[in-house]
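S.K.: One structure follows; several queries about it will come next.
The values are calculated or read from the model by the stated rules, or taken from the named source; none is laboratory data. As the structure is a computational prediction, the values presented were derived from the model and not from experiment. Reconstructed Cβ throughout: ideal geometry from the backbone, glycine too, with neighbour counts over all protein chains shown. These area figures cover heavy atoms from the full protein model, side chains too; ligands, DNA and RNA do not enter into them. Shrake-Rupley method; radii C 1.70, N 1.55, O 1.52, S 1.80 Å.
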Amino acid sequence: MTHLQAGLSPETLEKAKVELKENPDTLHQDIQEVRDMIITRPDIGFLRTDDAFILRFLRARKFNHFEAFRLLAQYFEYRQQNLDMFKNLKATDPGIKQALKDGFPGVLSNLDRYGRKILVLFAANWDQSRYTFVDILRAILLSLETMIEDPELQVNGFVLIIDWSNFTFKQASKLTPSMLRLAIEGLQDSFPARFGGIHFVNQPWYIHALYTVIRPFLKDKTRKRIFMHGNNLNSLHQLIHPEILPSELGGMLPPYDMGTWARTLLDHAYDEEPEYSPESYTLSVKDLEKDLSPKTMKRSQSVVEPGVLKRPEKVKSEEENLQPLLSLD
């Protein structure tokens with residue numbers, strides 16, 4: 001075991017070896033091979049290239065050198081292309097702080113049976129008069145940056161649960177295709193995290209319609225890890241034990257305190273009230289729509305037209321959408 005593996009438990013070390021093909025004898029060589037590829041992308045500013053940083057990209061791509069480098073390049077390219085998003089990316093930023101205090105994201109204290117960190121989003125908490133969808137995305141990315149420092153989570157990964165209870169059609173209408181694609185690019189294509197499952201619960205029909213819009217931009221592996229549970233919380237509990245879930249998700253724990261994770265990041269700054277309105281954010285919705293116009297997106301014929309939420313003729317049953325998920329591939 002090298003010093004780069006010092007933070008891993010014996011069980012996680014074995015998991016890294018078996019599932020990720022991580023070999024302590026070749027670890028430094030693996031890292032250097034990825035680093036040597038940086039010269040091939042002079043158009044990107046690689047602002048961090050130390051061993052520990054590159055290692056998380058190798059783990060995210062099961063030590064495939066080329067795929068790890070591609071993810072590393074996309075990580076910095078995404079930040080170059082969306083500079084305003086990453087200005088003042090810290091918990092005390094007014095928009096991020098408001099989103100964090102409303103539980104975007106929530107982080108459960110217990111890991112699941114595979115050692116994965118569980119993130120929860122209660123969608124109806126989005127107060128659109130106080131912060132934007134981009135603020136929520138920034139809060140999530142900031143949170144992931146903090147948590148991915150833990151080598152255990154680099155190996156074991158994350159699970160995301162989104163509860164759509166009481167999420168209104170009016171709120172959903174603010175989720176434009178371009179904004180959703182921005183989130184997909186930031187989380188699926190440009191961040192070194194392993195997501196073992198994305199669970200939708202209590203989703204209304206218009207969330208199914210939105211999913212139809214974004215589905216063409218999801219990788220096959222991502223699609224297979226999205227589970228539509230609807231009101232069937234028993235199917236969720238087959239994959240995540242209710243003993244570690246809050247009562248809102250049919251769990252045995254007390255209701256989730258939305259400020260839990262925010263207090264962890266903000267500490268004494270939690271109770272300070274920021275002066276902020278969504279209109280003041282530098283990345284305007286108009287700019288976002290211009291940069292990521294749906295007209296430029298490759299869409300399948302089955303995609304719902306941007307900005308239009310149509311009730312589907314038939315939504316698959318929850319049983320059809322639920323597949324067993326036992327471990328990360």
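S.K.: How many residues, within the range 227-252, are without any contact (Cβ under 8 Å) to a residue 40 or more places away in the chain and of a type in the set (A, V, I, L, M)?
M.R.: Matching residues across the range 227-252 total 2.
S.K.: Exactly one of (1) out of contact with any Pro (no Cβ under 7 Å at 6 or more places or on another chain); (2) more than 22 Å from residue 235 (Cβ to Cβ); (3) modelled with pLDDT of 95 or more; (4) not basic (Lys, Arg) is unmet by residue 140. Its number?
M.R.: Residue 140 satisfies all of (1) out of contact with any Pro (no Cβ under 7 Å at 6 or more places or on another chain); (2) more than 22 Å from residue 235 (Cβ to Cβ); (3) modelled with pLDDT of 95 or more; (4) not basic (Lys, Arg) except (1).
S.K.: Kindly establish whether residue 58 is within 19 Å of residue 155 (Cβ to Cβ) and either assigned to a loop (DSSP other than H, G, I, E, B) or touching a residue at least 40 places away in the same chain (Cβ under 8 Å) (or both).
M.R.: Criteria not met by residue 58.
S.K.: So which of 253, 245 ends up being over 22 Å from the mean Cα position of the chain (by Cα), modelled with pLDDT of 95 or more and among the aliphatic types (A, V, I, L, M)?
M.R.: 253
S.K.: So which residues in the range 28-75 are surrounded by 15 or more Cβ atoms within 10 Å (Cβ to Cβ) and of a type in the set (Ser, Thr, Tyr)?
M.R.: 75, the sole residue that qualifies.
S.K.: Give the residues of the range 229-275 that are open to solvent by less than 20 Å² (accessible area, probe 1.4 Å) and of a type in the set (S, T, N, Q), sorted by residue number.
M.R.: 235
S.K.: A follow-up question, please. For the range 178-206, how many residues are open to solvent by 20 Å² or more (accessible area, probe 1.4 Å), within 13 Å of the chain's Cα centre (by Cα) and among the aromatic types (Phe, Trp, Tyr)?
M.R.: Residues flagged as open to solvent by 20 Å² or more (accessible area, probe 1.4 Å), within 13 Å of the chain's Cα centre (by Cα) and among the aromatic types (Phe, Trp, Tyr) within the range 178-206 amount to 1.
S.K.: Let me ask something additional. Among the residues in the range 202-216, are any without any contact (Cβ under 8 Å) to a residue 60 or more places away in the chain and touching an Asp or Glu at 6+ places or on another chain (Cβ under 7 Å)?
M.R.: yes
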